[in-house]
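Worksheet for the structure shown next.
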Amino acid sequence: MSDWMNKRPEECAYSFTQHTACEFFPCHETAHPEDFNCLFCYCPLYALGSRCGGNFVYLENGVKDCSRCLLPHGRGSYSYVLSKYPELAELAKKNR
């Protein structure tokens, strides 16, 4: 069996990437930019609203403000984001 099949996703290179040349890197304030994961640059959990699990607030105009959220940008975020995909799939079914 290949070595990568025995690893957790967070131990594999495909679950973490940085784009340090990006004009906005890091796009959220963090004390640890070396651990900032750009893989989910645009958060796939945004559409889940209050069920995303992140640190967000709703503004008076109803817009969800995620500027203080690091949930999809941590080294260990890959598995969490993937765990929410069934909810995203259900949401997508409703929007056919």
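Quick note: the coordinates plus some simple rules give every number you see, no bench work behind them. Model, not experiment: these values are computed from the prediction. Counting neighbours? That spans all protein chains shown, and the Cβs are built from the backbone with ideal geometry, glycine included.
Dividing the mean sequence gap of close Cα pairs (under 8 Å, 6+ apart) by how many residues region 3-94 holds gives a relative contact order of 30 percent.
Return the FRET efficiency for the residue pair ARG51, ASN6: r is the Cβ-Cβ distance, R0 is 35 Å, and the value is rounded to the nearest 0.05.
Values: r = 32 Å, r/R0 = 0.92.
Approximately 0.60, to the nearest 0.05.
A cut-off under 15 angstrom between Cβ atoms defines the neighbours of ARG51, and their net charge, with Lys, Arg +1 and Asp, Glu -1, is +1. Each of the GluC sites (Glu not before Pro) that DSSP puts in a loop and that has at most 11 other Cβ atoms within 10 Å breaks the chain; the longest unbroken stretch is 61-96. The gain in end-to-end length when the LEU82 to GLU34 segment is fully stretched comes to 15.1 nm, 0.36 nm per residue minus the alpha carbon separation. Cysteine residues of the chain whose C-beta has no other cysteine C-beta under 4.7 angstrom: CYS12, CYS22, CYS27, CYS38, CYS41, CYS43, CYS52.
Using the C-alpha gyration tensor of the chain, what are the square roots of 5 times its eigenvalues, in whole angstrom, with the largest one first? Working shown, then result.
Working: eigenvalues 121, 83, 21 Å².
Each semi-axis is √(5λ); the values are 25, 20, 10 Å.
Among the chymotrypsin sites (Phe, Trp or Tyr not before Pro) in region 30-61, those placed in a DSSP loop whose Cβ has at most 12 other Cβ atoms within 10 Å are TYR42.
The modelled label-to-label distance between GLU90 and ALA21, using points 7 Å beyond Cα along the C-beta direction, is 4.2 nm.
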